[in-house]
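To keep things clear, I will list the structure first and then write my remarks on it.
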Amino acid sequence: MVRAAVSRAVGAPASIEELHLAPPHRDEVRVAVAACAVCHSDLMFMDGGWATAFPVVLGHEAAGRVVEVGTGVHDVTVGDRVVVSLIRTCGECLACRRGHDVACTGNAEVDRRSPLTDLAGSPVAQGLGTGAFAEQVVVHRSQVVPIPTGVPAEAAALLGCGVLTGVGAVTNTARVDHGDAVVVIGCGGVGLSAVQGARMAGADPILAIDPLEAKQEAALRLGATHAVEPGDGNAAILERATGGRLADHVFVTTAAPGAFVGATGLLAPMGSLVLVGMPAHGVTVDIDPTALAAANQAILGCKMGTARLAVDVPRLVDHYLGGRLDLNGMVTTTHSLDDIDSAFDEARSGEVIRTVIVFDNTDLGATGDTP
Ligand SMILES: [Zn+2]
Ligand SMILES: [Zn+2]
C-alpha cells in the first residue's frame with residue numbers, strides 16, 4: 001500500500017488516499033519516491049486543458065531509490081538512487097534504434113495496465129506513465145537513470161522533465177552554437193533551464209522575456225544578459241544587443257497562447273523558432289509562410305528537449321556537480337504530500353520556479369546518504 005495524491009475529476013482538490021501498488025513485472029522497477037516536482041503538464045491534466053482518464057495519480061518529475069526490480073532489469077539494482085522520468089523507450093522500434101527516444105512507438109505493459117488500484121479495487125490511472133505524487137511508483141526500466149550521491153533529491157527530481165526539456169531544447173533540438181543570439185519567452189522551470197542551457201552553450205546575447213519581475217531577476221541570475229517583460233519594444237532591444245541582427249533561436253517555453261504571437265518577429269533570417277511549451281488542446285497560432293520561407297527560417301517542435309535519458313541525465317548531473325547548472329536555485333518551495341494542493345496553487349500562480357513535493361522517506365536522505 002502507498003499513500004498518493006489522487007485526482008478524481010477535473011478541478012477537484014487532491015484526495016490523499018491509500019492505494020494498492022502491484023509489484024514490478026518483467027522490465028519494471030519499483031522506486032521509493034523521495035521528491036517529485038510539480039510540472040505545468042500536471043496542471044493541464046487536472047485542470048482539464050488536456051484530456052486524461054480519472055481517477056489518476058499525476059507527477060512525472062521525480063527522484064528516489066530503487067526498492068525492487070522485476071525480471072529482465074539489469075541496468076539498475078536495489079538501492080540505486082535514480083531520477084524517474086515520463087520518457088519511456090522500448091529500445092526496439094525504429095525511433096529507438098535511431099536514437100529518437102521521445103518518438104518511441106513501442107508499447108510497454110504498463111501502458112495497458114496501471115499498477116495502481118484504490119481500496120474499492122477500482123483501477124487508478126498512472127499519469128504520464130509515472131504517477132509519482134505517491135510514496136512509491138512502478139515504472140518501466142527505461143524511465144529511471146542512476147545518479148550519484150551529491151545531488152539532493154529535490155534537485156535531482158527536476159532532471160526528470162523540466163530541466164531535461166529546457167536544456168535539451170537548446171542543446172539537442174536547436175543545437176545552439178557559441179555566439180548565437182537567443183531569446184527565451186517564458187521564465188518558468190523550463191524557460192530558466194533554457195537560459196542556463198544557452199549560457200552553457202556560449203550564446204550571447206540571451207534575452208529572457210517574462211511578465212513577472214521575480215522571474216526576470218531569476219533569469220539574470222541564471223545567465224540571461226537581458227531580461228524584460230513582454231512588449232512591442234523587445235525587437236528593438238534585441239536589435240541593439242545584436243547590432244541589428246535579431247535572434248538565431250527563439251524558444252517559446254510557456255503554454256500561454258499570447259507568447260507565440262510575435263515570436264517570429266524576433267527571429268533573424270536563417271533563425272529557428274523552437275516550440276517547447278504546449279498550450280491546451282485546440283489552441284492555434286497564425287504564421288506567415290511567405291515571410292518564413294523568404295527568410296529561410298525554421299519552426300522546430302520540441303518534445304521533452306529531444307532528450308535521451310541515458311545520455312542527457314548523466315550529462316546534466318555532471319554540469320550540476322561542476323557548478324555550471326544551478327538546480328537548487330530553481331526549487332522555490334517544498335511541500336509534503338498532504339499539502340500538495342498548496343503546491344498546485346503556487347505552480348498555477350506562476351510565482352514559483354519549481355515547487356517540489358518531498359516525501360517522508362527519511363532513509364532516502366535528501367543528500368543521498370545510504371541508510
Ligand atoms: Zn513535465
Ligand atoms: Zn521504441
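The values are calculated or read from the model by the stated rules, or taken from the named source; none is laboratory data. Just so we're clear, the structure is a prediction, and the values are computed from it rather than from any experiment. Methodologically, a virtual Cβ is constructed for each residue, glycine included, from the backbone with ideal geometry; neighbour enumeration extends over all protein chains shown. We work out accessible area using only protein heavy atoms, side chains counted, and drop any ligands, DNA or RNA first. Shrake-Rupley method; radii C 1.70, N 1.55, O 1.52, S 1.80 Å.
If you model the range 175-301 as an ellipsoid using its alpha carbon gyration tensor, with each semi-axis the square root of five times an eigenvalue, the axes come out at 20, 18, 13 Å, biggest first.
May I ask you to list the trypsin sites (Lys or Arg not before Pro) in the range 277-350 that are in a DSSP loop and have at most 14 other Cβ atoms within 10 Å of their Cβ? Sites meeting the loop and neighbour criteria: Arg324.
In deg cm²/dmol and to the nearest 500, what is the mean residue ellipticity at 222 nm of the chain if only DSSP H runs of at least 4 residues count, each as -39500 (n - 2.57), divided by the residue total? Can you show the working numbers first?
On the way: 11 runs with 87 residues, N = 371.
Roughly -6500 deg cm²/dmol at 222 nm, from the helical runs in the chain.
Our summary gives the range 175-301 a relative contact order of 23 percent, counting only alpha carbon pairs under 8 angstrom and 6 or more residues apart. A Cβ-based charge dipole, computed about the Cα centre of the range 175-301 with Lys and Arg at +1 and Asp and Glu at -1, lands at about 240 debye. Spin-label model, Thr333 to Ala294: label points 7 Å out along the Cα-to-beta-carbon direction sit 4.9 nm apart. Relative to the longest principal axis of the Cα atoms of the chain, the long axis of helix 189-201 makes an angle of roughly 60 degrees.
From largest accessible area down, sort Ile340, Ile237; use a 1.4 Å probe on the protein chains. Could the numbers behind the result be given before it?
Details: Ile340 0, Ile237 45 Å².
Most to least solvent-accessible, the answer reads Ile237, Ile340.
Here the chain exposes an accessible surface that is 52 percent carbon and sulfur, computed with a 1.4 Å probe and the other protein chains kept in place. Once Rg and the Kirkwood radius are both taken over the C-alpha atoms of the range 21-100, their ratio Rg/Rh works out to 1.01.
Run the 1.4 Å probe and let me know the accessible area of Leu158, rounded to the nearest 10 Å². Only protein atoms counted, so the area is about 0 Å².
Working from label points 7 Å from Cα in the Cα-to-Cβ sense, the Glu229 to Val283 distance is 2.0 nm. In the context of the full set of protein chains, the chain has a per residue accessible area of 41 Å² (1.4 Å probe).
Using the Cα atoms of the chain to build a convex hull, what is its mean projected area in square nanometres?
Numbers: hull surface 69.4 nm².
Its Cα hull, projected and averaged over all orientations, spans 17.4 nm².
The residues Met44, Met200, Met1, sorted by heavy-atom accessible surface at 1.4 Å with ligands and nucleic acids left out, run Met1, Met200, Met44 from largest to smallest. Between the Cα long axis of helix 309-321 and the first principal axis of the chain there is an angle of about 70°, rounded to the nearest 10. Distances between placed amide hydrogens fall under 5 Å for His335 paired with Val356, Ile357, Val358, all partners being 5 or more residues away or on another chain.
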